[in-house]
Each structure stands twice: as structure tokens, then as C-alpha cells.
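The values are calculated or read from the model by the stated rules, or taken from the named source; none is laboratory data. All values derive from a computational prediction rather than experimental measurement. Positions of Cβ are generated from backbone atoms using ideal geometry, with glycine treated the same way; all protein chains shown enter the neighbour counts.
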């Protein structure tokens, strides 16, 4: 989820016009596109690993990283500027099929439900899949309009030990249980009508943005593998 308003929100150092070239990435009708949204504060190798993993397991053509201006569930936390997070995300992505976008800053959406409404209207031929970690599924019922999100776009949940058990026991997982498909059928998710979701195991990276931030909010130095 993301937050923005008529004025520049925390973590945004430039008006939307500065990000116009990073709005909706190039795409064609019928393209299977995974959407990975987040503050990317900071972006890290696990974001890239999750993206490559999802492309393979879900049969996706592209992954769009939606770098949010902010997050209503994480307000008050130190947030680097959108410009810095975009630049860092592009440096980490390093993949011809991963596109980095600040779409939500461009279109002025505050919540994921509004972003998905916009994308469905503007990209009717695209086959979107929302990608989230198990930690996000565990709090999905706190997202604005979470049931509408689930009704709009198929969802792929990536296991993040030790969050898997808690995630599969959460309110949203129970509510959406009738629409869950097996991992074996995950390659068909992008072609299914929402609601539909799957839980993918096998992604073991322990990295998280929280672990890569210092107490003052600055980013820890990391070395590329």
C-alpha cells in the first residue's frame, strides 16, 4: 500500500512531474505482469530474487516494482526520498524484465485498491498478478479495501519463513480460502479471474528492508553478491 496527498508526502522530494517517465511501463495486450509494491526503503537483493522467482513460477512476462510515496501502515518511520528509493531500486533490479515505476506518485493514489482500479481501467488487456510476501498477507485485512483488491486481481503470496504459518492462519487467508489454488497450478494464476490466489514456497532469502535500516532510518551498507 502507499500514501500520497495533494502535497508532497513524507519521503517525496519532487512533484509527480519529475516521475512522469516512470508511470505505466511499456506493455502489450495479453502480457502477464506481476506487481510488487512497497516503499523499497531500501530495495535489496531479496526484492530481485522474489521477482525472478515469481516470473519463473507464475510464467510472467514482466515484473513492475511500484515504489510508493509512503505506506499508511508504516507512518512515522524514517523514509528516504522517493528519488533516492527509485534510483536505488533501479540499481538493484538489474533485469531486462523488471521495470521500476513511481506510478502512485504520478497518478496520486493513496491506496493499493485505487492503484489497481486505475491500472485495470488504463491497461485492460494486461493480465496482472499482485505479489506480496507472507508477512503482508498476515496483515492484508488491515489494507484499505482489501476484499476489493482480492476481487480485482489474482494474488501470489511468497512464503517468507518464519511468517508462513502465521500468514496462512490470518483473517484474510481464511476469508479467501475457497479461492486458493495449488502451487502446481500457479502457472495459470495470471489467466484466472479474481478472486484467485496461491501460496508459493521455496523462496528462502532472510533479507528485509527493516533489517537493512539503521535505528536512525539510514540505510546500512551492503555489498552486492
task: Taking residue 193 as the residue in question, decide whether it is surrounded by fewer than 18 Cβ atoms within 10 Å (Cβ to Cβ) and closer than 20 Å to residue 114 by Cβ.
output: no
task: With the condition kept exactly as written, say whether any residue in region 72-89 is modelled with pLDDT of 95 or more, within 14 Å of residue 32 (Cα to Cα) and buried (at least 16 other Cβ atoms within 10 Å of the Cβ).
output: no
field: Subset of region 97-111 that is out of contact with any helix residue (DSSP H, G or I) (no Cβ under 6 Å at 6 or more places or on another chain) and farther than 15 Å from residue 38 by Cα - its residue that is modelled with the lowest pLDDT
entry: 108
message: Against the definition (closer than 24 Å to residue 82 by Cα and more than 14 Å from the chain's Cα centre (by Cα)), how does residue 144 come out, yes or no?
response: yes
query: What about residue 110, is it under 28 Å from residue 171 (Cβ atoms) and over 12 Å from the mean Cα position of the chain (by Cα)?
result: yes
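Among 145, 164, which is surrounded by 19 or more Cβ atoms within 10 Å (Cβ to Cβ) and over 16 Å from residue 59 (Cα atoms)? Working first, answer last.
Details: 145 fails: surrounded by 19 or more Cβ atoms within 10 Å (Cβ to Cβ).
It is 164.
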- prompt: Of the residues 193, 184, which single one is assigned to a loop (DSSP other than H, G, I, E, B), out of contact with any helix residue (DSSP H, G or I) (no Cβ under 8 Å at 6 or more places or on another chain) and at pLDDT 95 or above?
  reply: 193
message: Suppose we filter 131, 149 for residues that are touching a residue at least 24 places away in the same chain (Cβ under 8 Å) and not in a strand (DSSP E or B); which single one remains?
response: 149
